Amino acid sequence: MELKQFDGQSKDELAMVDVAHAILEQTGQVTNYNDLLVQVAEYLNIDDNELEAEMIQFYTDLNIDGRFISLGSNRWGLRSWYPIDSIDEEITHDNDEEDEKPRRRNRKGFDDEIEVFEDDEEDVEEDVVEFGDRVDVDEHGVMVDDEDEENLGEYKADLEDLGDDDDDDENIAGLSVVDDEDVLGDDDEEE
């Protein structure tokens, strides 16, 4: 490949990203990263070992350099080819078919078949608390509502039931309760 803008310059002094820009400018086509990397390496006469060492930096340079644009699927082009409004269209054109229709699934009722969209969800009205509104709080300063109090009441009742069982079964199957002082006192005597 012949790049006229680099006539008279040493290939050793050229940056890979500048050569990539010249190649894309000359071909005028969106190019896959790997193909672009091979074309740059061929132009600069880079061997495989050096290419392997430089390809990560080259990819980083493509991303950072404002002259290039990634078009998805590892395809690269020049930003100057696209008006700002069409950039999003080029990048997201693959998703257009998916966005056209919501998916449908059928549910059978008693006597009829009902068509339901997956996007349809039951609208749950939540009480929105605006800044400055007064709210109920518990003894720890946590906001509570009626639903929380009901659930907490059931939880407290369960805990009380558990506490009653512990008092009845103080000695379980031959085990006895030992005070900490008794255990610590035995260790001191052994020394």
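What follows draws every value from the coordinates through simple rules; no lab data is involved. Because the structure is predicted, anything quoted here is derived from the model rather than measured. Every residue, glycine among them, receives a Cβ derived from its backbone with ideal geometry; neighbour counts consider all protein chains shown.
Kindly state, to the nearest 0.05, the FRET efficiency for residue 154 paired with residue 129, given R0 = 30 Å and r defined as their beta-carbon distance.
Values: r = 24 Å, r/R0 = 0.81.
Between residue 154 and residue 129 the formula returns 0.80.
For the peptides 60-67, 138-145, what is the packing order when you average, over each peptide's residues, the other Cβ atoms within 10 Å and list the highest mean first?
Values: 60-67: 12.8, 138-145: 9.1.
Those peptides, ordered most packed to least, come out 60-67, 138-145.
Could you work out how far apart the two model spin labels at residue 140 and residue 50 are, taking each label as a point 7 Å from the Cα in the direction of the beta carbon, and quote it in nm?
6.6
Sorted by packing (mean other beta-carbon atoms within 10 Å per residue), highest first, where do 29-37, 3-11 land?
Working: 29-37: 15.8, 3-11: 10.4.
With the highest mean Cβ count within 10 Å placed first, the list reads 29-37, 3-11.
Under 1.5 on a/c is rounded, so check that first for segment 1-82, then, if it is not, pick prolate when a/b is larger than b/c and oblate when it is not; a ≥ b ≥ c are the square roots of the alpha carbon gyration tensor eigenvalues. Intermediate results must be reported in sequence, preceding the final value.
Details: a/c = 1.75, a/b = 1.21, b/c = 1.44.
In terms of gyration-tensor shape, oblate.
Quick one: which residues, 5 or more positions from residue 68 or on another chain, have an amide H under 5 Å from its amide H? H modelled 1.01 Å from N in the peptide plane, none for Pro or chain starts.
It is 79, by chain and number.
Average projected area of the Cα convex hull of segment 7-50, in nm²?
Values: hull surface 12.9 nm².
Over every viewing direction, the Cα hull of segment 7-50 projects on average to 3.2 nm².
Which length gain, in nm to one decimal place, applies between residue 161 and residue 32 when the Cα-Cα distance is subtracted from 0.36 nm times their residue separation?
Values: separation 129, 0.36 × 129 = 46.44 nm, distance 6.82 nm.
Gain on extension, residue 161 to residue 32, equals 39.6 nm.
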